[in-house]
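First comes the structure, then the notes that go with it.
The values are calculated or read from the model by the stated rules, or taken from the named source; none is laboratory data. Nothing here was measured: the structure is a model prediction, and the numbers come from that model. Virtual Cβ from ideal backbone geometry, glycine too; neighbours counted across all protein chains shown.
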Amino acid sequence: MKQRILTGDRPTAPLHIGHYVGSLRNRVALQHDYDTFVLLADVQALTDNFEHPQKIRDNVMEVMLDYLAVGLDPHSATFVLQSQIPEIAELTIFFLNLVTTSHLRQNPTVKTEIAQKGYGESVPAGFFIYPVSQAADITAFGAHLVPVGDDQLPMIEQTVEIVRRFNRLYAPVLTEPKALVGEVPRLPGLDGKTKMSKSMGNAIFLSDSLDEIARKVSGMYTDPNHLKVDDPGEVEGNPVFAYLEAFDPDRQHVQALKDHYGRGGLGDVKVKRYLLEVLDAVLSPIRVRRTEYVQHLELVETALKEGTQRGREVAGQTVQMVREAMKLNYFGPS
Ligand code: TRP
């Protein structure tokens with residue numbers, strides 16, 4: 001039997017090219033080697049969007065379209081809608097006994113998010129404990145491997161701790177997962193400052209038109225001291241070169257461009273024009289596939305519905321083992 005992959009995203013916005021290099025590219029590459037589950041984490045998305053349920057609802061379809069557009073194949077990947085799997089909520093409650101609030105407070109990704117969102121001391125409890133529900137996501141499907149961006153590593157560590165604790169305490173029924181981070185773990189935003197995200201307004205979305213991408217690329221941050229073409233330019237911290245490294249399969253050419261830029265004599269306009277070509281080579285087939293699926297939304301809905309049904313069966317088996325291990329199997333199998 002194939003080993004399992006579980007990954008997922010919060011459907012709060014369409015996916016961008018940072019998701020692509022961090023995780024989606026790995027998921028597509030591995031979907032035939034592993035039994036791949038892809039979770040649309042709408043319950044987790046609500047933990048910091050509970051006032052905006054319609055936003056999450058709308059983005060479930062957008063993210064499904066992104067998944068299919070990048071080449072996840074519904075015949076090999078199982079798409080699961082988190083809110084329709086109550087077993088995940090049940091596991092979350094059991095796992096909460098196995099972690100401490102002080103440990104949760106130290107999660108670096110959650111810490112960063114709390115600061116970004118300006119919660120201060122008033123962190124919604126559901127948001128605060130989402131790493132535990134993510135451990136439930138991963139273990140419900142018995143995942144061996146979790147392809148993610150590097151900001152998700154603390155969640156996988158938390159999951160491993162819960163799995164070990166559970167298995168030692170009750171019975172060895174949970175699978176210990178490993179993270180798999182993309183070759184480019186973190187893509188900078190168009191502004192070159194923070195990582196790419198919708199909320200920072202510095203993202204290129206997989207669903208952007210060529211015109212939009214052209215506009216975004218031409219406005220990208222580059223070396224501010226590279227005023228004249230002949231000036232030597234700085235490659236380090238320059239997102240234009242970070243994107244070339246992430247997307248151009250011709251490594252030698254990228255190296256030659258970097259050398260030329262560093263020496264001076266290579267203008268920003270020219271490099272950006274080349275970057276646009278490189279991005280379009282990757283993104284135009286994705287855009288075409290997206291358009292095809294937009295014309296067949298019934299296929300998208302079926303993939304999500306059938307995937308979720310299968311997901312529920314798998315999660316149900318896990319919960320049954322967990323209940324047995326925890327002495328909660330009172331009235332036999334339901
Ligand atoms: N926390 C992830 C993110 O913000 C989304 C997610 C939810 C996830 N459940 C998961 C990722 C399980 C990997 C595995 O992108």
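Just give me the residues in the range 110-139 being hydroxyl-bearing (Ser, Thr, Tyr) and either modelled with pLDDT under 95 or farther than 29 Å from PHE79 by Cβ (or both), in sequence order. THR112, TYR119, SER122 - these are the residues of the range 110-139 that are hydroxyl-bearing (Ser, Thr, Tyr) and either modelled with pLDDT under 95 or farther than 29 Å from PHE79 by Cβ (or both). For the range 250-276, the set of residues classified as outside any helix (DSSP H, G or I) and either under 29 Å from the mean Cα position of the chain (by Cα) or farther than 14 Å from GLU234 by Cα (or both) consists of ASP250 only. Just one of the listed residues (THR194, THR139) is buried (at least 16 other Cβ atoms within 10 Å of the Cβ) and of a type in the set (Ser, Thr, Tyr), and it is THR139.
Only a single criterion out of (1) within 15 Å of the chain's Cα centre (by Cα); (2) of a type in the set (Gly, Ala, Ser); (3) within 22 Å of ARG312 (Cα to Cα) is not satisfied by ALA136, namely (1).
Has the range 174-196 got at least one residue that is more than 30 Å from VAL235 (Cβ to Cβ), out of contact with any strand residue (DSSP E or B) (no Cβ under 6 Å at 6 or more places or on another chain) and of a type outside the set (Ser, Thr, Tyr)? Yes, the conditions are met somewhere in the range 174-196. As a summary of the residue check, ASP73 satisfies the conditions (1) in contact with an Asp or Glu (Cβ under 8 Å, 6 or more places away or on another chain); (2) part of a loop (DSSP other than H, G, I, E, B) except for the one numbered (1). The numbered conditions (1) within 12 Å of the ligand (Cβ to nearest atom); (2) surrounded by fewer than 24 Cβ atoms within 10 Å (Cβ to Cβ); (3) assigned to a helix (DSSP H, G or I) are all true for ALA13 except (3).
Look at SER102 and say whether it is surrounded by fewer than 20 Cβ atoms within 10 Å (Cβ to Cβ), in a helix (DSSP H, G or I), more than 16 Å from the ligand (Cβ to nearest atom) and of a type outside the set (Lys, Arg).
Numbers: surrounded by fewer than 20 Cβ atoms within 10 Å (Cβ to Cβ): yes; in a helix (DSSP H, G or I): yes; more than 16 Å from the ligand (Cβ to nearest atom): yes; of a type outside the set (Lys, Arg): yes.
Taking the combined requirement at face value, the residue satisfies it.
Report whether or not GLU62 is assigned by TED's automatic domain parsing to the domain that holds LEU24 and closer than 17 Å to GLU292 by Cβ. So GLU62 fits the description; yes. Residues in the range 142-191 that are buried (at least 21 other Cβ atoms within 10 Å of the Cβ), part of a helix (DSSP H, G or I) and more than 12 Å from the ligand (Cβ to nearest atom): ILE162, VAL163, PHE166. Could you list, in sequence order, all residues of the range 83-139 that are farther than 24 Å from ASN59 by Cα and among the acidic types (Asp, Glu)? Once the filter is applied, which keeps residues that are farther than 24 Å from ASN59 by Cα and among the acidic types (Asp, Glu), the range 83-139 yields GLU90, GLU121.
Is at least one residue of the range 229-237 free of Cβ contacts under 8 Å to residues at least 40 places away in the same chain and either in a helix (DSSP H, G or I) or in the same structural domain as GLY22 (by TED's automatic domain parsing) (or both)?
Within the range 229-237, the subset free of Cβ contacts under 8 Å to residues at least 40 places away in the same chain is 229-236.
Still in the list and also either in a helix (DSSP H, G or I) or in the same structural domain as GLY22 (by TED's automatic domain parsing) (or both): none.
No, that holds for no residue.
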